[in-house]
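First comes the structure, then the notes that go with it.
The values are calculated or read from the model by the stated rules, or taken from the named source; none is laboratory data. What you are looking at is a predicted structure, and each value in this text was computed from that prediction instead of being measured. Cβ sites come from the backbone with ideal geometry, for glycine too, and all protein chains shown count toward neighbours. Calculation scope for accessible area: heavy atoms of the full protein, side chains included, ligands and nucleic acids excluded. Shrake-Rupley method; radii C 1.70, N 1.55, O 1.52, S 1.80 Å.
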Amino acid sequence: QNKSSILPIDPAKYKRIAILGPNAADSVMLCGNYNGTPRRIVTILDGIRQYISTLPKEQQPELYFDTTCHHVDGKYAIPRNFDKKIAKCDLVIFVGGLSPLLEGEQLDVKVDGFYDGDRTTIELPRIQEGMLRKLKIMNKQVVFVLCTGSAVALDWENDNMDAILCAWYGGQSAGTAVADVLFGKYNPAGKLPVTFYSSTNSMPPFDNYDMSGRTYRFMRENPVYRFGY
């Protein structure tokens, strides 16, 4: 979604861009599950840096990177003077979402929202939503790049982010592809292959196999993003 028409990003408009989030520099996340081992991986941070480096010097904004928080851990990894550093940034690109280390088959993971590779909730992990809320309080323009292998409930994010790009687990050159979309080198035309529900509570129980209330065909509530969005 691009409610604020902030995309494509015009680098010349910004002196300093912050690239934040647990998936920004994560190469493992990009490959998903059931994958080979690429000889070379372009992370989303790499892709943005490479794109900016191709611009004329006078059009190149300064880039600031920090992970800021983990995928699900309750502890922030926010550096000292974070507020001051972000206050100097004109735009934030937050690269978050899930990870194949959290969702997949037969994983030995038992953390809030995830159990042995299954998901017990579909909301964005609370630590990441907390980070996005902090950025909103700081009155920052935020583009949220969502990396995930499954649908995520983005009710609050849809209402409060300036733009959202769903990049899934994009593979070895995902960073190049994401940068091309963010900065307008490519105009995306993808359609959602699944429905993004508004919350865990809007779905029938996991062990109920009745189709009533499920998918865009049988659900009673309006989803955040319908199949085909």
* Nonlocal amide H pairs with Tyr225, under 5 Å, H built at 1.01 Å -> Phe196
* Asked: Taking θ as phi - 60°, what are the ³J(HN,Hα) couplings along segment 88-93 by the Karplus curve (6.51, -1.76, 1.60), each to the nearest whole Hz, with x for Gly and Pro?
  -> 7, 8, 8, 8, 10, 10
* **Largest-first ordering by accessible area, 1.4 Å probe, given options Arg220, Arg119** => Arg220, Arg119
* Please sort by residue number the trypsin sites (Lys or Arg not before Pro) in segment 153-219 whose DSSP state is loop and whose Cβ has at most 11 other Cβ atoms within 10 Å. => Lys191
* Counting DSSP beta bridges in the chain, what percent are antiparallel, to the nearest 5? -> 25 percent
* Step through the residues of segment 187-194 one at a time and calculate ³J(HN,Hα) from phi using the Karplus curve (6.51 cos²θ - 1.76 cosθ + 1.60, θ = phi - 60°), rounding each to whole Hz and writing x for Gly and Pro. => 9, x, 9, x, 10, 5, x, 9
* Asked: Each residue of segment 8-21 in order: what ³J(HN,Hα) in whole Hz does its phi give by Karplus 6.51 cos²θ - 1.76 cosθ + 1.60, θ = phi - 60°, with x for Gly and Pro?
  -> x, 6, 9, x, 5, 7, 10, 7, 8, 10, 9, 10, 10, x
* Asked: Which entries of Lys110/Lys185; Lys88/Lys191; Lys57/Lys85; Lys84/Lys191; Lys57/Lys84; Lys88/Lys110 show an alpha-carbon separation above 30 angstrom in the structure shown?
  -> Lys110/Lys185; Lys88/Lys191; Lys84/Lys191; Lys88/Lys110
* Long-range amide H contacts for Ile122: which residues qualify at under 5 Å (H placed 1.01 Å from N, peptide plane, sequence gap of 5 or more or a different chain)? -> Thr200
* **Filtered trypsin sites (Lys or Arg not before Pro), segment 1-43: DSSP coil and at most 16 other beta carbons within 10 Å** => Lys3, Lys15, Arg39, Arg40
* Asked: Whose amide H sits under 5 Å from the amide H of Phe65, counting only residues 5 or more places off or on another chain, with H placed in the peptide plane?
  -> Ile19
* Kindly provide the helix-only [θ] at 222 nm of the chain, computed as the sum of -39,500 (n - 2.57) over DSSP H runs of four or more divided by all residues, to the nearest 500 deg cm²/dmol? => -6000 deg cm²/dmol
* **Two-decimal ratio, segment 26-113, of alpha-carbon radius of gyration to 2.2 N^0.38 Å** => 1.36
* 5 Å binning of all Cα-Cα separations within the chain, expressed as whole percents from 0 upward -> 1, 6, 14, 18, 20, 17, 12, 7, 3, 1, 0, 0
* **Geometric extent, Cα atoms of segment 101-227 - Rg, Dmax (angstrom)** => 15.8, 45
* Asked: Relative to the first principal axis of the alpha-carbon coordinates of the chain, what is the inclination of helix 126-137, with its axis defined by its Cα atoms, in degrees from 0 to 90 and to the nearest 10?
  -> 40 degrees
* Mean separation of Cα contacts under 8 Å (6+ apart) over length of segment 117-183, as relative contact order % -> 31 percent
* Structure fact -> With every protein chain kept in place and a 1.4 Å probe, segment 7-158 has an accessible area per residue in Å² of 50 Å²
